Every structure is written in C-alpha cells, then in structure tokens.
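The values are calculated or read from the model by the stated rules, or taken from the named source; none is laboratory data. Everything quoted here is computed from the prediction, not taken from an experiment. Cβ: placed from backbone, ideal geometry, glycine included. Neighbour counts: every protein chain shown.
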Amino acid sequence: MANGKRKINSKKIWGALRGFLIYLLIGFVALVFFVNLSGGGQPSTEVPISQIIADVKTGQVASLTVSGDQVTAKFKNNKQPDVTARKESSESISQLLKDSNVDPSTVPTTIEDTSWQQGWVSLLGTIVPILLMVGFFVLIFRQAREAGNSIFSFGQSRARVFSKDQPRIRFSDVAGVDEAKKELEEIVDFLKQPQKYRDIGARIPKGVLLVGPPGTGKTLLSRAVAGEAGVPFFSIAGSEFMEMLVGVGAARVRDMFAQAKKSAPSIIFIDEIESIGRARGFGMSGGHDEREQTLNQILVEMDGFAPNEQVIVIGATNRPDLLDPALVRPGRFDRRVVLNLPDLPERKAIITLHMRGKPFAKEVDVERLARRTVGFSGADLANMLNESAILAARENKKAIDTVDLEEAATKVKLGPQRKRMQTEDDRKLAAYHEAGHAVVGHYLPGVDPVHRISIVARGESGGQTMFPPTEDRSNERKSRLLQQIATAMGGMAAEEMVFHDISTGAAADLQVATDIVQDMVTTYGMSELGPISLKPRSVFGLWGRMPEEGNGVSEQMLGKVDTEVKKIIDAAFSQAKVILLKHTAQLDKVAKALLEKETLDSDEFEKIVGSKPALATVSA
C-alpha cells in the first residue's frame, strides 16, 4: 500500500512541477513582450539618432524622453508625429547633444527609470534557464528509472491470468462445436482426476492444438476447458513473447511455465502460436534468432528433462502447415482438435445461444435462418445477430424481425450499403447484369435457388445475386462446378446480348470463374488433361510455405493448362448465352422489376420466372 502511495505522490509532484514550469515560461515570454512594447502608448516612427539631433538643432523638438536606450522626440505644435531612435547604452543624450554643438538646456529632457524592468529581465533570464534545466534533468531521471524498471521486467511473462475464482465460461456457453467439446471433456477429466489415469498407467496429455478458421471459437473453447476444470488459465498471444532484446522471449517462456507450475493444475493458452512456432532451419541467421530461441524454450518446457505435471498447453492456429514438426509431435501437442465451420444443426445451436436476451418477432424462423447462413462462422453468426439488434433499435422497433436479420446477414458478408448517385444507364446495366446471373442459375439444376437479387451497391460490388447453399456439402462434383462457372458468366452474357457491349462490372465474376476453372484443371483433374495434379509444390521457407522453384511443371504442360482453362470458360459463356436467348422475356421482366424495387427476394423472383425446374436440358 505504501508503494502505491509513493507512486501516486510522485505523479502528483511531477504534474505540479511540469505545470509550474509551463506557466513560468509563459509568464516570462509575456513579460519580455510587455517590456518590448512599453516604450509608449502613442505610435511613433523610428529614425536615426542623428536626425533627432538635427531637429533639436533647428528648434523643432519640444521635448525629449529617454527610456533606457530609446530616445523619443516630441515636436512643437504637434506638426509631426513622435519619432524614436536608438542610442548606445554607454552614451547619454546630453553628451550626444554637446558633441553636436547643441546646448542640452535648449530642449527639456525627461529620463525614465527602467532599472526595475532590467532587473526583472535579468532575474528571469537567470532563473528560468536554471528551472528549465532542472525540469529537463528531472524528466530524464524519471524516464531512466522507468526504463530501468522495464529492463528488469523484460523477462517476466506477459500472460493474463484468469483465476478459478473469477466468473467461468462453461461448455454450455459454447455452441456449434460438439465434436471438439467431446475431445476436450477428457482434458477436463485429466485435470480434475489425474490419479485415476496414473493408476492405470496413462500419461496425461502435454498439449492440445486447436486448428480451425478464424471465428470458429478456439479461444472461447479453451476458456471453457479452464472453466469446467476450475483451474487457473494463463492466456498469451504468440507475438507477446517477442521483444527487441535477444533472449527475452525464452525468458518469458520460462517465467510463464514457472508460474503455471506453481498454480498447477493449470492451463496455458497460446493464441496464434504459428507466430513463434514456425518451422526452423530456413532462417538467414543460422538458427540463433530470437524466434527460434523462444520456440526451443517452449519445446524444452513441454517435453524436456524437467517434469511438467498437470500443466496443459492449448495452442490455437489457423495455419497448422507452418508449425515446426518438433512442436506438433506426440509428447508435446498430443492431440489435434479441428474446428470446422458449423453445419446446419450447429448453426441452429449457435443462433439459439446468441438469441438469448434479445426480443424477436414471432415470424422469425431459426431453421430458415440457419439454412440462409451456410458458410458463416460462429463469430459471423454472433455479429449478425448483434447487427440485427442494432438495426431494430435504430428503427425504434420493439422486436427484431426477419427484415433486420436479412439485412444484417447481407451486411456481415458483403458490407454496408453504399449511398451513391447512379445514372439511369448504370442502374439499367446493373439490373440486366444481376438478372443475367439469376436467370442462368435458375435454369441450371446444379445451382442452388436464387435467394436475393439486388442492385444496391455494397462494398466493392454494384449489385448482388445470392445463391446460398441449401445444404452443407463436403465435396463438389464436376457438373456442378461447370454450372457455377456458367452462372458466373451470366452477367457478362446478359450485357453483351442486351447492350451489344460489356462493362468492367464483370471483373469479379471473371476472377471467380477463372479460379474455379484453374482448380479444376490443376488440382482436381477435372479436364481433358486427365487425372493429374499440376498444382505448384511448396516448401517451408523463412516466411512459411513458398512455391518450389520451377514448380515441377514443364512449359508445354503450362501451355496446355492455359488452353484448357480458356476452353472451359468459353464453353460456360456460350452456355449462359444460350439460356438467356431462350428466356429473354424472363430476363427483361426481372431487370424491369429490379429497376422498380432495387431488391427482389426468392418469392418475388419465382413469381416472375416460375419455380426452379427439377431438371434442365439446356446445353452449350
């Protein structure tokens, strides 16, 4: 408690001293400014001293006023404005008049006493520099003291500790990761009943690696493990081990494990572990850089000579391919728990969990909302529900309805609406472009039903046509991929057919189509080149995996790849045009409706074009 008081008092003293120095400096500047302007209240013109003496000699001057080195002459009958001149400080005005053969008694002379001003200026000129110097050294010593303290704390762990007495997160607070929770329930049991496993000869796992895309709940799940086990939880990011000084990261690892062992049983959670756990052996520093020393210390602490009992390390990463093999081997990270994007039942559970505490309208259907959000992570779903609540509050609603949820889901994936002025030509072009996507996709059996069409600009796009999957798929067939490519080319095909021209709005569509085709040809073997993988091989490098020099593919084969990619895209473009030519009336109706309403949902779209056919016989 005394130390805390001393710190508070020193801060108050330094604040008061700093304020005093600032006010003193301002006062000094104001005084100098006042002294410089204190020569008189009336305006005067500065002239050489010889001119004033000449005016005295001719009898034009009524009086002289001497203030320090400044001489002011006032003329008779105020024929001229007052003038001033500067004289040497060692000479008097009387001596100057005598040297010019002028009797000083011919003009009245007033001598003003300025010694008080000079005294203050001299005093402040002596004191202020000293005070400023003292303040400067006080600041330097204070910073040096703080730097010294921080130097001694460099090697201390920066991990945030959540004790078992703090509010806990339970497995019931985490939804959508049922398989991962089952894997981690055993870890909880290890921490609660370690002797049961020792008696049968089982070794408690040293570490668990959580792998999954961002937003799938890796950090939340690790805290739930600590909450269920009721043990201290040490949380730190991989980048927090790194500092300017060499050896600091390794020292922090030692300190963190020492603290965890004192609190055992406990959990250490390292987020973004790939920042310090990258594969070694490809650096330019010969294996002695700071990151590798930190990694080496983690390896020693997890499975070295010193026993490490009842301290479990949980690492989280979305780049497991970058990790060093020595880090992920059994004995260090014994288990790998993969967290994928949630499927339909898991999305329903996540939505239900985050709906707690929010009023929803009766027409809100969780099942439909879960089907609408295929591809959303847990964080996306939580953000969607929060955005819907904000939208409802903005409109002064008492409950969140389906309109708010739909707008929130679109905002999460595509960004907010961009309010910009569009010409009628731009709106018409966007309407036919999006209608082209929708009509082509509608008449292809492998493409999911149209969910929403809009010509409202969002993010980088001037409009959107949404085909959210109606079910979770783990694999894609060649026929379905070809139909997706044709749907992507539908916008450009509609522009060419209606306007006999194409625009830059199809750039994103071309990129999507090209990426799919290149994967089909080089990775999946879905082309006339046959079942062969032409994907560039990669090796570990200083910055992770890098393409291998030469890629192992000949120039002739690369030329064939380019030819095959163009062939597939051209066929898809032709297929899109055939569909649009056959259904031109529907294309015009959809575009007209978009120009009127700007947004069409699935029901409004199907009223125009009819229900989606079960089979399609259209060919390229």
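A few remarks follow.
- Test: residue in the range 306-314 that is outside the structural domain of SER222 (by TED's automatic domain parsing) and closer than 19 Å to GLU272 by Cβ: no
- Considering residues of the range 465-492 that are of a type in the set (S, T, N, Q) and touching a helix residue (DSSP H, G or I) at 6+ places or on another chain (Cβ under 6 Å) only, the residue nearest to VAL512 (Cα to Cα): THR487
- Residue list for the range 516-537, filter: in a helix (DSSP H, G or I) and under 25 Å from ASP448 (Cβ atoms): ILE516, VAL517, GLN518, ASP519, MET520, VAL521
- Qualifying residue in the range 409-416 (condition: surrounded by fewer than 21 Cβ atoms within 10 Å (Cβ to Cβ) and part of a loop (DSSP other than H, G, I, E, B)): yes
- Contact annotation: residue pairs with Cβ atoms under 7 Å, 6 or more positions apart or on different chains, pairing a residue in the range 367-378 that is over 13 Å from THR410 (Cα atoms) with a partner that is basic (Lys, Arg) and buried (at least 18 other Cβ atoms within 10 Å of the Cβ), are GLU367/LYS348; ALA370/ARG347; ALA370/LYS348.
- Put simply, of ALA494, ALA506, ALA513 the only residue that is assigned to a helix (DSSP H, G or I), crowded, with 20+ Cβ neighbours inside 10 Å and in contact with a Leu (Cβ under 8 Å, 6 or more places away or on another chain) is ALA494.
- Of the residues making up the range 70-91, those that are in contact (Cβ under 8 Å) with a residue 24 or more places away in the chain and surrounded by 12 or more Cβ atoms within 10 Å (Cβ to Cβ) number 8.
- Yes/no for PRO445 being outside any helix (DSSP H, G or I), more than 37 Å from the chain's Cα centre (by Cα), on the phi < 0 side of the Ramachandran plot and touching a residue at least 60 places away in the same chain (Cβ under 8 Å): yes
- Filtered by the rule that a residue be of a type outside the set (Asp, Glu) and over 16 Å from GLY441 (Cα atoms), the range 465-476 gives ARG473, SER474, ASN475.
- When the helices (runs of 4 or more DSSP H) confined to the range 288-384 are screened for residues that are over 20 Å from ALA175 (Cβ atoms) and hydrophobic (A, V, I, L, M, F, W, C), those reaching at least 3 such residues are found at 290-303, 325-328.
- Any chance ALA316 is among the small types (Gly, Ala, Ser) and buried (at least 17 other Cβ atoms within 10 Å of the Cβ): yes
- Here PRO469 meets each of (1) surrounded by fewer than 24 Cβ atoms within 10 Å (Cβ to Cβ); (2) not assigned by TED's automatic domain parsing to the domain that holds THR352; (3) not in a loop (DSSP other than H, G, I, E, B) with one exception, condition (3).
- The set of residues from the range 165-205 being touching a residue at least 60 places away in the same chain (Cβ under 8 Å), in a helix (DSSP H, G or I) and closer than 16 Å to LEU353 by Cα comprises ASP173, ASP178.
- Screening ILE130 on (1) under 60 Å from the mean Cα position of the chain (by Cα); (2) modelled with pLDDT under 75 shows it passes everything except condition (2).
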